[in-house]
Amino acid sequence: MEPAPTGSPAFRRILLKLSGESFCRPGEGGISVEEVSRIARQVSRVASLGVEVAIVVGGGNILRGAQLSRGSDVIKEATAHYMGMTATVINGLALQDALESMGRPTRLMTSIRMAEVAEPFIRRRALSHLEKGRIIILATGTGSPFVTTDTAAALRGKELGVDVIMKATRVDGVYSADPEKNPHAVLFEALDFDKVLRDELKIMDMAAIGLCKENVLPILVFNFKKEGNIERAVRGDVVGTWIGSGTRPRPS
Ligand code: UDP
């Protein structure tokens with residue numbers, strides 16, 4: 001296990017939302033051991049600061065329900081979403097082993113029971129794991145079809161009492177336009193929920209943004225491709241775009 005870095009973090013408990021794209025090489029699907037190791041290394045460093053870490057894993061690198069069911073009714077829409085939820089377990093298992101190979105204790109928890117590979121998600125048990133310094137990996141989203149793991153992140157974030165939802169993306173934060181297409185796009189340092197909802201800025205799905213707004217749960221959108229960024233953000237450095245009603249907290 002790596003030694004604990006010095007300096008107090010700005011957050012006590014975080015929820016990290018890792019989309020399926022964090023598990024594969026850019027533009028590809030499936031799982032890249034290299035990418036999983038890279039992300040696990042970053043998470044491990046954050047845990048070494050003493051921050052409690054819950055992770056909601058997506059499954060888009062394997063399957064998205066809405067895409068599979070579009071244009072055909074051979075596979076029913078609800079079934080496709082259940083397939084998508086099952087895909088998140090594959091990512092969760094990979095991340096669990098990668099973190100444990102770095103000496104971090106973890107628990108994989110699912111909303112759909114899978115007793116042979118994971119614990120059921122039970123709020124009080126999840127809280128107890130966090131308090132004991134275990135990283136919890138939450139797979140199968142909400143357990144219900146027709147929503148995404150972003151919504152699961154907002155719900156679990158609220159019930160676990162996290163300080164912030166950290167949404168990992170491939171770009172530096174939220175821009176005025178798509179930075180991968182428009183070179184003049186401007187990066188926002190901070191935004192309020194009303195602007196995100198009004199302008200339909202593509203950060204998380206709108207249901208998730210609405211839940212975070214209602215529950216005054218800030219979101220930090222940041223670039224996970226830059227090594228060390230999760231740790232910098234947790235230390236209170238100005239990284240990514242802060243979405244919330246207040247200002248970014250600084251380390252105490
Ligand atoms: N999904 C679902 N209910 C949930 C979470 C996820 O039905 O609560 C399904 C949905 O089909 C989704 C897929 O699982 O497309 C994979 O999750 P997601 O698209 O959120 O993955 P990401 O985009 O984060 O990789």
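Please work out if residue 83 is touching a residue at least 60 places away in the same chain (Cβ under 8 Å) and over 18 Å from the mean Cα position of the chain (by Cα).
no
For segment 84-99, enumerate the residues that are of a type in the set (A, V, I, L, M) and over 14 Å from residue 114 (Cβ atoms).
Across segment 84-99, the qualifying residues are 94, 95, 98, 99.
Being within 13 Å of the ligand (Cβ to nearest atom), among the aliphatic types (A, V, I, L, M) and not in a helix (DSSP H, G or I) narrows it down to one residue among 49, 63; which is it? Even if it seems obvious, please write down each step before you answer.
Values: 49 fails: within 13 Å of the ligand (Cβ to nearest atom).
Within the list 49, 63, the selection yields 63.
For residue 44, indicate whether it is hydroxyl-bearing (Ser, Thr, Tyr) and over 16 Å from the mean Cα position of the chain (by Cα).
Spelling it out, it is not the case that residue 44 is hydroxyl-bearing (Ser, Thr, Tyr) and over 16 Å from the mean Cα position of the chain (by Cα).
Working only within segment 146-185, note down all residues that are closer than 21 Å to residue 59 by Cβ, polar (S, T, N, Q) and at pLDDT below 95.
Once the filter is applied, which keeps residues that are closer than 21 Å to residue 59 by Cβ, polar (S, T, N, Q) and at pLDDT below 95, segment 146-185 yields only 169.
Restricting to segment 69-88, what's the tally of residues that are near the ligand (Cβ under 8 Å from one of its atoms) and at pLDDT below 95?
0
Give the residue that is nearest to residue 39 (Cα to Cα), with candidates limited to residues of segment 127-147 that are within 16 Å of the ligand (Cβ to nearest atom) and surrounded by fewer than 23 Cβ atoms within 10 Å (Cβ to Cβ).
Here is the first cut: in segment 127-147, the residues within 16 Å of the ligand (Cβ to nearest atom) are 137-147.
Next, from what is left, pick out any that are surrounded by fewer than 23 Cβ atoms within 10 Å (Cβ to Cβ): 142-147.
Numbers: 142: 23, 143: 25, 144: 27, 145: 27, 146: 28, 147: 25 Å.
Only one residue fits best here, namely 142.
Which pairs do you get when a residue that is in a loop (DSSP other than H, G, I, E, B), found in segment 19-34, comes within reach of a residue that is acidic (Asp, Glu) and exposed (fewer than 11 other Cβ atoms within 10 Å of the Cβ), reach meaning Cβ atoms under 9 angstrom, with the pair 6+ apart or on two chains?
25/34
Looking only at segment 107-121, decide whether some residue is assigned to a loop (DSSP other than H, G, I, E, B), farther than 26 Å from residue 241 by Cα and among the hydroxyl-bearing types (Ser, Thr, Tyr).
Yes.
Could you please give the count of residues in segment 206-252 that are more than 17 Å from residue 51 (Cβ to Cβ), exposed (fewer than 15 other Cβ atoms within 10 Å of the Cβ) and not hydrophobic (A, V, I, L, M, F, W, C)?
The qualifying residues number 7.
Scan 37, 101, 44 and give me the residue that is crowded, with 20+ Cβ neighbours inside 10 Å, more than 16 Å from the ligand (Cβ to nearest atom) and modelled with pLDDT of 95 or more.
Working: 37 fails: crowded, with 20+ Cβ neighbours inside 10 Å; 101 fails: crowded, with 20+ Cβ neighbours inside 10 Å.
Checking each option against the conditions leaves just 44.
The values are calculated or read from the model by the stated rules, or taken from the named source; none is laboratory data. Because the structure is a prediction, the values reported are computed rather than measured. Don't worry about glycine lacking a Cβ; one is built from the backbone with ideal geometry, like all the others, and counts go over all protein chains shown.
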